[in-house]
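The values are calculated or read from the model by the stated rules, or taken from the named source; none is laboratory data. In this text the structure is predicted, and so the values were computed from the model without any measurement. Here the Cβ positions follow ideal geometry from the backbone for every residue, glycine too, while neighbour counts run over all protein chains shown.
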Amino acid sequence: MDAPLLQMRGMRKSYGGVEVLKSVDFEVRAGEVHALCGENGAGKSTLMNLLAGVVAPDGGEITLGNTRCAAFAHAHAAQTAGVGMVFQERSLFAPLTVAENIYAGRQPTRSWGVIDHAQMIRNAERLLAETAPDISPRERLQDLSPAHQQMVEITKALSLDARILILDEPTAALTETETTRLFDLLRRLRSREVGIVYISHRLEEVFQISDRVTVLKDGAWQATLPTHHTTPDELIRLMVGRGLAPSPPPRANTVPAGPPLLEVRRISDPPGLASPCLQEISFQVREGEIIGLAGLAGAGRTETALTLFGARRSAQVLVEMAGQPVSLRSPSEAIDAGLGYVSEDRKESGLFLDMSLRRNVSAASLTRFGRWWFDDAGEKRVAEERRTSLRIACRDVEQDTAHLSGGNQQKVLLARWLQVDPRILIVDEPTRGVDVGAKAEVHRLLRDFAARPGHAVLVISSDLPEILSLADRIYVMRAGCIAGELSRAEASEEAVMRLAAARQSPAPLPSSSQDRLA
Amino acid sequence: MSPPAANASPRRVGLSRESGLLLLLVVTVVLFRLLFPVSWQQFATFDNFASVVRNMAFEGILALGMMLLMIGGTFDLSVGALASMVGVVTGWLMKEAGWPVPFAVATGIALGAASGFANGVVVAKVRVNALITTLGTMGIFSGVALLIGGPGITFLPPSFARLGQSEWLGLQAPVWLLAVLALGAHVALAHTRFFRQFYYLGSNPKAAYLSGIPVERLQMLGFALMGLLAGLAGIVYAARVATASSTIGVGKELGAITACILGGASLQGGRGTAWGALLGVLFVALLQNMLLIKQVRPEWQGIILGAVLVFAVGVDSLLNRKQSR
């Protein structure tokens, strides 16, 4: 057994009192692809950010080759030591050429700091010959496909003499063929004794490319296994097995579901335009139900909600509300049809941060306060009522929403949509970044909303325990499709993960588990 | 009814930008009184006041439209050129084409609205940045004005000139027009549902869209209203001097933006009042008047006004930053 190229011991990190990494050990050998698995929030990205010097650890020790230190002081130090990170969001400059991107900030120069373009292009050509010979160093990055952009980023990392290459969800934006090409490149790098850390939600890929796999859960190390000695089922169990973490109580005896309220017959994106590309999405929501829409990041849940809400105009939509076909070409049409949407990112696309609480509450129901002359007193009264009933902590209703806590901001958004009183409320990540108390209140609000006659809720959440405790039924999405439907009885974290993470393709899976993967 | 202070986007505890500007205006006037008692005799007369407000009417009308756009998070650089073009076209129609005055005026106003609407379509539907769009149309409008009117069209019919020259209570028609428009803009922005939507649009366009606010329609309508007001300003000015000049609007768009920012608007949008726009224009007009009375060379006016703008907005930004901590 050769000595590991990289060793991380006892890595710890807390954010504001919450431990996101609890003394994690991790190692990578030269010429190995080491997969790193875990649910959203398990600590994979944090661990890699420590390694790349982007985040400072609270404790632990990193040994890379001959260098041993407590931490890399900054990203540049990690780079010099030989760590190359390919970021989830690419860190490249779109309008510049491939060569300029590879040599950003360290272009070969002649005297007086004049860039030697010819030299730079020659150097880039030599590097690309090994990684992606079909890319010309003169091309502009923005003209390349996502896959090629990623190749450029890998080339850049290698040009910095990276001995450890970190790939964080590298295939999220890639097609099947592009993924194959990426894997070819990774295999070539492996034979050059580069150590590769491969983070992915897609278990099939983990089994295709990796030599060993490490599983993290809730910031703690679970296991490190040789890939060919394990199965997808075992990995899923390691990833979700909750152990001590208390799971919230399931919804008390469910109301028998009423007649169908929303019938999504078909939502499809025109092929080749969007990623993820929605394909033949169809599902049903009945009166009184809370429906969960689960899936991994990038599976198309938010896109489905936005399409339903009329905010993605390119998609083809065939939807019936209470048996009647409805037109959903803009959010205002969707609101008229009886839909409401609480967006995923409350600061970016939800709140009017520099406006007062009362203005935020009334924003989606302005016509209720007068078609022409605006009823300020009525608006204020309504805001006061909502503030009291939702227990929003604030100075008064004239306070800006910018400085409210996350939980209170979320309640302001809910207040806005309760004021509209849609028949179906779509909530996207309703409790992200919200404290436990407010989370429970939001859950109670959603249950109360669905329990009112003629109403229903559609919940999108990456928080599995949340979806399991709220939803009467769960649709699991994967790569732009509905991968399956789970009743309350069938639903478990493992069942959801199995539908969300697998992919039907002739992957070299151990035969024992193949039949169990949908 | 809520107090007027709550009509703007209510955002802070201290002075609103509007009251801050009012304070600055009062301080400036008082200083002038104390420092230059002799000139004060010249300044503090009704005739002087009447001339100040007469001169501010043109930019005042532009500033009201600009304020609406800036609340909605955008602006229009073409309005000065548009005012010139509409003035010249209206003058040409009545003088060279022999149209009756009311028809020429109505056509001019419609041309203004249509040109503004065209700006709006390009910005909202084609999604070209407003700076680029209106920079382009500024060139087009001023070119058309020069093509049709040469340097200008003089000796316009007296029945037209009366529109801009008649007086009531010692103030000329353009001043009254500005007053009526300002009142209308105030009522619209502070008390109507429709115009309130512009605050949401400017504060967060994405959130506004997802709240069912018709974002594109508002933008197009805002530009159309701006164009209509610019046309009106161009016509009224041409009537007052009985001449349609092709260059009357040069630089006036920047004057209007300056006034709006002094009066509480922000380039980020979501903030501002009609009252603030009016106050901004009045402040600039008074300052220019004082400099004129003191016979300060015109070169200095730009320097002083520029410094005041940066100073006022800088102080406001510093105070704000302190408060938000």
- Which one is nearest to A:Arg188 (Cα to Cα), of the residues in the range A:101-154 that are in contact with a helix residue (DSSP H, G or I) (Cβ under 6 Å, 6 or more places away or on another chain) and either part of a loop (DSSP other than H, G, I, E, B) or assigned by TED's automatic domain parsing to the domain that holds A:Leu189 (or both)? A:Ala132
- Check on B:Gly164, more than 18 Å from B:Gln268 (Cβ to Cβ) and surrounded by 15 or more Cβ atoms within 10 Å (Cβ to Cβ): yes
- Task: Go through the range A:215-240 and give me each residue that's out of contact with any helix residue (DSSP H, G or I) (no Cβ under 9 Å at 6 or more places or on another chain) and under 22 Å from A:Phe183 (Cβ atoms).
- Result: A:Thr224, A:Pro226, A:His229
- Which numbered condition B:Val236 fails, given (1) of a type in the set (Val, Ile, Thr); (2) away from every other protein chain (no Cβ under 14 Å); (3) within 18 Å of B:Ala130 (Cβ to Cβ): (3)
- For the range A:361-392, name all the residues that are more than 7 Å from every other protein chain (Cβ to nearest Cβ) and among the acidic types (Asp, Glu). A:Asp375, A:Glu379, A:Glu384, A:Glu385
- Before we move on, is A:Val420 within 9 Å of chain B (Cβ to nearest Cβ), closer than 30 Å to A:Pro260 by Cα and hydrophobic (A, V, I, L, M, F, W, C)? yes
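For (1) in the same structural domain as A:Glu130 (by TED's automatic domain parsing); (2) at pLDDT 90 or above; (3) closer than 25 Å to A:Ala132 by Cα; (4) in a helix (DSSP H, G or I), each residue gets a yes or a no:
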{"position": "A:Ile196", "(1), (2), (3), (4)": "no, yes, yes, no"}
{"position": "A:Thr214", "(1), (2), (3), (4)": "no, yes, no, no"}
{"position": "A:Leu225", "(1), (2), (3), (4)": "no, yes, no, no"}
{"position": "A:Leu235", "(1), (2), (3), (4)": "no, no, no, yes"}
{"position": "A:Leu238", "(1), (2), (3), (4)": "no, no, no, yes"}
- Query: Residues in the range B:208-227 that are touching a Gly at 6+ places or on another chain (Cβ under 8 Å) and more than 7 Å from chain A (Cβ to nearest Cβ): how many?
  - Reply: 10
- Message: When you check B:Ala230 against the structure, is it more than 10 Å from chain A (Cβ to nearest Cβ), over 18 Å from the mean Cα position of the chain (by Cα), in contact (Cβ under 8 Å) with a residue 60 or more places away in the chain and part of a helix (DSSP H, G or I), yes or no?
- Response: no
- Item | Residues satisfying the stated conditions in the range A:390-419, i.e. in a helix (DSSP H, G or I) and more than 19 Å from A:Leu366 (Cβ to Cβ) | A:Gly406, A:Gly407, A:Asn408, A:Gln409, A:Gln410, A:Lys411
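A quick yes/no check of all residues on (1) free of Cβ contacts under 8 Å to residues at least 60 places away in the same chain; (2) surrounded by fewer than 20 Cβ atoms within 10 Å (Cβ to Cβ); (3) in contact with a strand residue (DSSP E or B) (Cβ under 8 Å, 6 or more places away or on another chain):
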position	(1), (2), (3)
A:Met151	yes, no, no
A:Ile164	no, no, yes
A:Leu167	no, no, yes
A:Leu174	yes, yes, no
A:Leu185	yes, yes, no
- Query: Of all the residues that make up the range A:318-348, how many are modelled with pLDDT under 90, surrounded by 15 or more Cβ atoms within 10 Å (Cβ to Cβ) and either of a type in the set (Phe, Trp, Tyr) or more than 30 Å from A:Ser405 (Cα to Cα) (or both)?
  - Reply: 1
- Query: Within the range B:278-303, can you find the residues that are under 20 Å from the mean Cα position of the chain (by Cα) and exposed (fewer than 15 other Cβ atoms within 10 Å of the Cβ)?
  - Reply: B:Gly302
- Search the range A:36-66 for residues being in contact with a Lys or Arg (Cβ under 7 Å, 6 or more places away or on another chain) and outside any loop (DSSP other than H, G, I, E, B), and hand back the single one that is modelled with the highest pLDDT. A:Leu36
- Task: Just give me the residues in the range A:321-358 being in a helix (DSSP H, G or I) and facing another protein chain (nearest Cβ under 7 Å), in sequence order.
- Result: A:Pro331, A:Ser332, A:Ile335, A:Glu348, A:Ser349, A:Gly350
- Message: Quick test of your reading of the structure: A:Leu486 fulfils all but one of (1) among the aliphatic types (A, V, I, L, M); (2) outside any helix (DSSP H, G or I); (3) buried (at least 23 other Cβ atoms within 10 Å of the Cβ); (4) at pLDDT below 95. Name the failing condition by number.
- Response: (3)
- Note on the structure: With criteria (1) modelled with pLDDT under 85; (2) part of a loop (DSSP other than H, G, I, E, B); (3) closer than 15 Å to A:Trp221 by Cβ, A:Met1 comes up short on (3)
- Item | Residue count, the range B:249-268 (criterion: surrounded by 24 or more Cβ atoms within 10 Å (Cβ to Cβ) and within 14 Å of chain A (Cβ to nearest Cβ)) | 2
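Residues are listed down the side, and each one gets a yes or a no for (1) buried (at least 24 other Cβ atoms within 10 Å of the Cβ); (2) of a type outside the set (Val, Ile, Thr):
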site	(1), (2)
B:Met67	yes, yes
B:Ala83	yes, yes
B:Leu111	no, yes
B:Val122	no, no
B:Val128	no, no
B:Leu131	no, yes
B:Gly136	no, yes
B:Ile140	no, no
B:Gly150	no, yes
- Does any residue of the range A:401-415 turn out to be closer than 18 Å to A:Gly350 by Cβ, buried (at least 17 other Cβ atoms within 10 Å of the Cβ) and over 32 Å from the mean Cα position of the chain (by Cα)? no
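Okay, residues lined up against (1) at pLDDT 95 or above; (2) surrounded by fewer than 23 Cβ atoms within 10 Å (Cβ to Cβ); (3) part of a strand (DSSP E or B); (4) assigned by TED's automatic domain parsing to the domain that holds A:Leu278:
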| position | (1), (2), (3), (4) |
| --- | --- |
| A:Val427 | yes, no, yes, yes |
| A:Arg432 | no, yes, no, yes |
| A:Lys439 | no, yes, no, yes |
| A:Arg444 | no, yes, no, yes |
| A:Pro453 | no, yes, no, yes |
| A:Leu458 | yes, no, yes, yes |
| A:Leu468 | no, no, no, yes |
| A:Met477 | no, no, yes, yes |
- Message: Only one of A:Phe72, A:Phe93 is part of a loop (DSSP other than H, G, I, E, B) and without any contact (Cβ under 8 Å) to a residue 24 or more places away in the chain. Can you tell me which?
- Response: A:Phe72
- Say whether the condition of being within 20 Å of the chain's Cα centre (by Cα) and away from every other protein chain (no Cβ under 14 Å) is met by at least one residue in the range B:187-205. no
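Here's the yes/no breakdown for (1) in contact (Cβ under 8 Å) with a residue 40 or more places away in the chain; (2) in contact with a Ser or Thr (Cβ under 6 Å, 6 or more places away or on another chain); (3) of a type in the set (Ser, Thr, Tyr):
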| residue | (1), (2), (3) |
| --- | --- |
| A:Tyr341 | yes, no, yes |
| A:Glu344 | yes, yes, no |
| A:Ala377 | no, no, no |
| A:Ser389 | no, no, yes |
| A:Thr401 | yes, no, yes |
